[in-house]
């Protein structure tokens, strides 16, 4: 895998999608479906909901590719931000009762093929996983609750039984450590 | 809130974890602050990396197909001219029901119009009848008063005759010992605008004393009550003149009636 080349290609793909090139969208989908679907399953804990939202995300990419601004971030960041935002919106729209039911019937993620798994077992993923694992639990928990559960700082404080100020400090500290851990690799891995 | 305060909030904003008020304030600030906007972009890239910690998963093949089908459909819609052919009018059972409904609605509308008109006419007739009854009742009350006054011991009855100004006019004036008087007029001409009739008490060696003003109906009839001055109780003559609205302190116009 050549991350730098892929990065350039992603920008070109988005430009082609903005011109309504269907093949470009298919290529972008093939490139990111596994990462984004994994993210959506982690948020929604339901394959059915995650597939529905994944479809919405790529339809949004098709309609809004022209809005992508390379100066404001990389395609990976744009796609992940879109997917997470849609996923959190869906999560919040589900009734609390339904959420409980979904959590109870949590479906395991379908095993990915070896080839895909190999590709995803890249140093990027390893690096992030390792960086998160090294965070103290009190810093990691607020990050995870905010990122995957869509909770606000007040909601996290209530859930953890911690003062709001403490949660703010820990969340900021955790993200700063993650940033430091990834910064050395940013040029190479596209963070 | 200072620029530094906003900068501290940016990492949480990148995680969409700010509470609504802070989120709104920071969004407004970032829209104006280039430095914060740049910093937010950087933090968003860090936050996006967290997505990689989720276990990768393969969606079903159907998702890809659904996406491609949907975008083809949207693309086709965008290039297909939206010309709606004009279909010939076709009669079917539903349109027949529609026509029947329209006819029924029209009939109902006309029926309602007629019904409203009849109600309005009936209402007007009742109002007129009520007014007639009110006037009749008033006349009866006046006649009763007149009869009681005449039955009062010591009461007197005077007749007033029309002058050349109103040859067909006449009146009767009755009063009791307390000076309570009633006048019943008949045949007086309708006073012109701004004028009305006024009663006068005339006692020898005194200027005419003013009485009340009054108006008549379209038949020249009228009734009024007044109080005679004490000096007029024993011996007085009575007259009616036409005066400006509100009456005069002394007669200014010719007499229409006199005793």
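The values are calculated or read from the model by the stated rules, or taken from the named source; none is laboratory data. The model shown is predicted, which means the values in this text are computed figures rather than measured ones. Here the Cβ is made from the backbone with ideal geometry for all residues, glycine too, and neighbour counts use every protein chain on show.
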Item to check | Yes/no for residue B:9 being buried (at least 23 other Cβ atoms within 10 Å of the Cβ) and either more than 8 Å from chain A (Cβ to nearest Cβ) or touching a residue at least 12 places away in the same chain (Cβ under 8 Å) (or both) | outcome: yes
Next on the checklist: With the structure loaded, tell me whether residue B:257 is assigned to a strand (DSSP E or B) and either under 24 Å from residue B:150 (Cα atoms) or modelled with pLDDT of 90 or more (or both) or whether it fails that test.
Outcome noted: yes
Checklist entry - Give me the pairs: first residue in region A:135-164 and within 7 Å of chain B (Cβ to nearest Cβ) and on the phi < 0 side of the Ramachandran plot, second residue buried (at least 19 other Cβ atoms within 10 Å of the Cβ) and not in a helix (DSSP H, G or I), beta-carbon distance under 6 Å, and six or more apart or on different chains, which are they? => result A:146/B:15; A:146/B:17; A:147/B:15; A:152/B:17; A:153/B:17
Checklist outcome for this item: Of the conditions (1) surrounded by fewer than 17 Cβ atoms within 10 Å (Cβ to Cβ); (2) more than 48 Å from the chain's Cα centre (by Cα); (3) without any contact (Cβ under 8 Å) to a residue 40 or more places away in the chain, the single one that residue B:193 does not satisfy is (2)
Item to check | Check on residue A:146, more than 30 Å from residue A:18 (Cα to Cα) and at pLDDT below 90 | outcome: no
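Are there helices (runs of 4 or more DSSP H) fully within region A:1-85 with at least 2 residues that are closer than 30 Å to residue A:151 by Cβ, away from chain B (no Cβ under 11 Å) and in contact with a helix residue (DSSP H, G or I) (Cβ under 6 Å, 6 or more places away or on another chain)? List them. It would help to see each step written out before you state the result.
Details: elements: A:3-18, A:22-44, A:47-64.
In region A:1-85, no matching helices (runs of 4 or more DSSP H) lie anywhere.
Using the structure shown, decide if residue A:64 is surrounded by 18 or more Cβ atoms within 10 Å (Cβ to Cβ) and either modelled with pLDDT of 90 or more or under 14 Å from the mean Cα position of the chain (by Cα) (or both). Show your work before the answer.
Numbers: surrounded by 18 or more Cβ atoms within 10 Å (Cβ to Cβ): no; either modelled with pLDDT of 90 or more or under 14 Å from the mean Cα position of the chain (by Cα) (or both): yes.
Against the criterion (surrounded by 18 or more Cβ atoms within 10 Å (Cβ to Cβ) and either modelled with pLDDT of 90 or more or under 14 Å from the mean Cα position of the chain (by Cα) (or both)), residue A:64 does not qualify.
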Checklist outcome for this item: Only one of B:102, B:57, B:14, B:48 is away from every other protein chain (no Cβ under 14 Å) and either modelled with pLDDT under 90 or within 30 Å of residue A:43 (Cα to Cα) (or both), namely B:102
Checklist entry - Say we look at region B:17-40 and pick out the residues that are crowded, with 18+ Cβ neighbours inside 10 Å and closer than 21 Å to residue A:88 by Cα; which of these is farthest from the other protein chains (Cβ to nearest Cβ)? => result B:26
Next on the checklist: Let me spell it out: the conditions are (1) under 12 Å from residue B:188 (Cα atoms); (2) exposed (fewer than 15 other Cβ atoms within 10 Å of the Cβ), and residue B:250 meets all of them except one. Which number is the exception?
Outcome noted: (1)
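Confirm whether residue B:97 is at pLDDT 90 or above and part of a helix (DSSP H, G or I).
Working: at pLDDT 90 or above: no; part of a helix (DSSP H, G or I): yes.
Answer is no for this residue.
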